[in-house]
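Reviewing the structure listed below.
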Amino acid sequence: MNLASQNVRFNGPLLQKYNQSVPRYTSYPPATELTPDFEGALFRQAIAMGNYKKTPLSLYCHIPFCEKPCYFCGCNTIITQYKPAAATYLDYLIRHIQQVAPLVSGDRLVQQLHWGGGTPNYLNLEQVTRLWQTLQDNFQFAPDAEISIEINPCEVSREYIFALRQLGFKRISFGIQDFNPQVQAAVNRIQPEEKLFEVMAWIREAGFESVNVDLIYGLPYQTLATFTETVQKTIQLNPDRIAVFSFAYVPWLKPLQKRMPEAAMPPTAEKLEILKMTIANLTYHGYVFIGMDHFAKPNDELAIAQQAGELHRNFQGYTTKPESDLLGFGMTSISMLQDVYVQNHKRLKDFYAAIDQRVLPIEKGVQLTQDDLIRRTVIMELMCQFRLSAPALENKYHLGFDLDFNDYFQAELSALNDLEADGLIHRSGDGFQVTPSGRLLIRNIAAVFDTYLQHKTEKTFSKAI
């Protein structure tokens with residue numbers, strides 16, 4: 001199993017040295033920088049600027065409901081088996097869409113649509129169709145738009161899967177986390193192996209273009225041996241993309257995680273061995289290591305885009321679609337425009353109240369400075385392409401002003417010396433390349449250019465590994 005053939009190299013001592021608390025950089029500045037003292041008019045102005053530039057759109061709909069809690073979950077969810085709650089929420093979600101859509105020029109094409117949660121298939125098919133039609137009525141979709149949805153495989157039927165595909169969903173994602181029954185019981189997510197393979201068969205039969213599954217390592221009762229079995233079964237499942245997340249134990253942020261036995265979680269050394277085994281097995285079986293915790297088949301759009309230097313990243317993770325304005329609908333969802341980020345109310349009653357008052361349900365936001373835009377360009381280039389070329393940045397992103405890269409980032413370039421000495425990067429000309437040993441620590445490398453980390457505590461973000 002040759003990890004180097006996939007341009008990634010496992011170095012245990014380095015991983016332990018740099019296993020620090022750093023952002024995941026689905027955005028820059030990170031979402032932690034959004035504040036309540038934000039003027040909602042800035043959101044409208046940002047949309048107007050996107051209208052002027054005819055910036056493509058990415059849409060996100062948040063369905064927060066789950067029938068039972070998964071103890072590992074870090075998402076914003078509402079746990080209830082009272083299904084009428086979804087009907088009420090759907091009414092408000094649609095009103096939110098109808099509130100924002102008139103602000104957007106009709107000639108702006110939607111390149112990407114994603115439904116997440118929570119559990120989007122908490123909605124029944126009639127409700128799914130109603131939400132789908134609302135989006136179609138209010139926005140213009142590109143013919144090749146990437147349209148995806150997350151599902152809970154234990155709460156879905158063959159009829160439901162086929163209905164999603166018939167509506168127009170092209171990609172589907174579901175969480176496995178771990179095949180081991182003991183681990184599933186510990187995290188309150190019971191998913192029989194037979195059910196997972198059955199749902200995958202339905203998805204393939206329905207003709208979905210791509211299937212993504214999620215695994216999590218670092219959960220209670222996981223060992224190198226048991227997770228090896230999980231990886232092998234996942235390979236047998238044959239998804240197009242696999243996300244392998246490091247479990248972020250943050251009980252001070254997510255109290256539900258306290259229900260898991262912390263003492264049963266694998267120690268750091270074994271967790272690193274699990275990661276090493278996972279990378280080795282997935283790359284050996286043909287998956288391309290895209291970055292951080294994502295793998296894809298060589299013919300997948302993600303792998304092709306990265307090879308061409310055209311991979312992008314937003315709040316939804318890695319994407320092949322061009323830079324776009326992301327509009328988030330529903331409680332707690334985030335909109336990410338060119339120089340403005342906003343997050344909707346996290347509490348359901350506050351979200352409902354804002355919609356009833358006919359005001360934007362924005363709880364907090366941030367307007368990016370020129371420095372933020374420059375640093376975002378650098379960080380996203382690193383996260384997606386694993387290299388940095390000062391001259392290429394001006395050509396690729398058209399920053400619109402003269403920038404002496406070496407002078408502007410004098411302190412940061414000096415700070416890179418330690419990373420270079422440890423073999424995480426290799427300098428050449430007016431830039432540097434992330435080495436195979438550095439790819440697993442790309443968050444740490446990107447963090448060098450993050451000015452917001454200076455006032456953050458150790459517990460703000462999850463560990464790098």
Picking from Leu42, Leu14, which residue would you name as being surrounded by 18 or more Cβ atoms within 10 Å (Cβ to Cβ) and either in a helix (DSSP H, G or I) or touching a residue at least 24 places away in the same chain (Cβ under 8 Å) (or both)?
Leu14
Do we find that Arg130 is farther than 19 Å from Glu198 by Cα, at pLDDT 95 or above and basic (Lys, Arg) in this structure?
yes
Given the structure, is Ser58 hydroxyl-bearing (Ser, Thr, Tyr), surrounded by 14 or more Cβ atoms within 10 Å (Cβ to Cβ) and in a loop (DSSP other than H, G, I, E, B)?
no
Flag if Met336 is out of contact with any helix residue (DSSP H, G or I) (no Cβ under 6 Å at 6 or more places or on another chain), under 30 Å from Thr88 (Cα atoms) and crowded, with 19+ Cβ neighbours inside 10 Å
yes
Looking at (1) hydroxyl-bearing (Ser, Thr, Tyr); (2) outside any strand (DSSP E or B); (3) surrounded by 19 or more Cβ atoms within 10 Å (Cβ to Cβ), find the lone condition where Thr26 falls short.
(3)
Of the residues Arg387, Arg375, Arg347, which single one is free of Cβ contacts under 8 Å to residues at least 24 places away in the same chain and either among the basic types (Lys, Arg) or surrounded by 20 or more Cβ atoms within 10 Å (Cβ to Cβ) (or both)?
Arg347
Residue satisfying condition, being touching a Phe, Trp or Tyr at 6+ places or on another chain (Cβ under 8 Å), modelled with pLDDT under 95 and among the acidic types (Asp, Glu), within set Asp293, Asp300
Asp293
Tell me, yes or no, whether the stretch 69-92 has at least one residue that is polar (S, T, N, Q), in a helix (DSSP H, G or I) and surrounded by 14 or more Cβ atoms within 10 Å (Cβ to Cβ).
no
Flag for Thr278 being at pLDDT 95 or above, in the same structural domain as Phe43 (by TED's automatic domain parsing), of a type outside the set (Asp, Glu) and in contact with a strand residue (DSSP E or B) (Cβ under 6 Å, 6 or more places away or on another chain)
yes
Scan of the stretch 278-324 for residues that are touching a Leu at 6+ places or on another chain (Cβ under 8 Å), closer than 27 Å to Cys75 by Cα and assigned to a helix (DSSP H, G or I), ordered by number:
Thr278, Ile279, Leu302
Can you tell me how many residues within the stretch 19-38 are among the hydrophobic types (A, V, I, L, M, F, W, C) and either within 16 Å of Leu440 (Cβ to Cβ) or in contact with a Cys (Cβ under 8 Å, 6 or more places away or on another chain) (or both)?
1
So Val244 clears everything in (1) touching a Cys at 6+ places or on another chain (Cβ under 7 Å); (2) in a strand (DSSP E or B) except one condition, right? Which one?
(1)
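Here is a check on your reading of the model: is Lys170 at pLDDT below 95, in the same structural domain as Lys258 (by TED's automatic domain parsing) and either basic (Lys, Arg) or touching a Leu at 6+ places or on another chain (Cβ under 6 Å) (or both)?
So Lys170 does not fit the description; no.
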Out of the residues in the stretch 250-268 meeting the condition of being touching a residue at least 12 places away in the same chain (Cβ under 8 Å) and either outside the structural domain of Ile79 (by TED's automatic domain parsing) or part of a helix (DSSP H, G or I) (or both), tell me which one is surrounded by the fewest Cβ atoms within 10 Å (Cβ to Cβ).
Glu262
Quick test of your reading of the structure: Asn51 fulfils all but one of (1) assigned to a loop (DSSP other than H, G, I, E, B); (2) within 22 Å of Phe139 (Cβ to Cβ); (3) not hydrophobic (A, V, I, L, M, F, W, C). Name the failing condition by number.
(1)
State yes or no: is Lys233 over 23 Å from the mean Cα position of the chain (by Cα), at pLDDT below 95 and not in a loop (DSSP other than H, G, I, E, B)?
no
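So, Ser210, is that one over 25 Å from Arg158 (Cα atoms), under 21 Å from the mean Cα position of the chain (by Cα), surrounded by 13 or more Cβ atoms within 10 Å (Cβ to Cβ) and among the polar types (S, T, N, Q) or not?
It is false that Ser210 is over 25 Å from Arg158 (Cα atoms), under 21 Å from the mean Cα position of the chain (by Cα), surrounded by 13 or more Cβ atoms within 10 Å (Cβ to Cβ) and among the polar types (S, T, N, Q).
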Selection from the stretch 152-182 of residues that are assigned to a helix (DSSP H, G or I) and of a type in the set (Phe, Trp, Tyr)
Tyr160, Phe162
Of the residues that make up the stretch 206-224, is at least one farther than 13 Å from Gln177 by Cα, in a helix (DSSP H, G or I) and out of contact with any helix residue (DSSP H, G or I) (no Cβ under 9 Å at 6 or more places or on another chain)?
no
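The values are calculated or read from the model by the stated rules, or taken from the named source; none is laboratory data. This is a predicted model, so every value here is computed, not measured. Glycine gets a Cβ as well: all are built from the backbone with ideal geometry, and neighbour counts include every protein chain shown.
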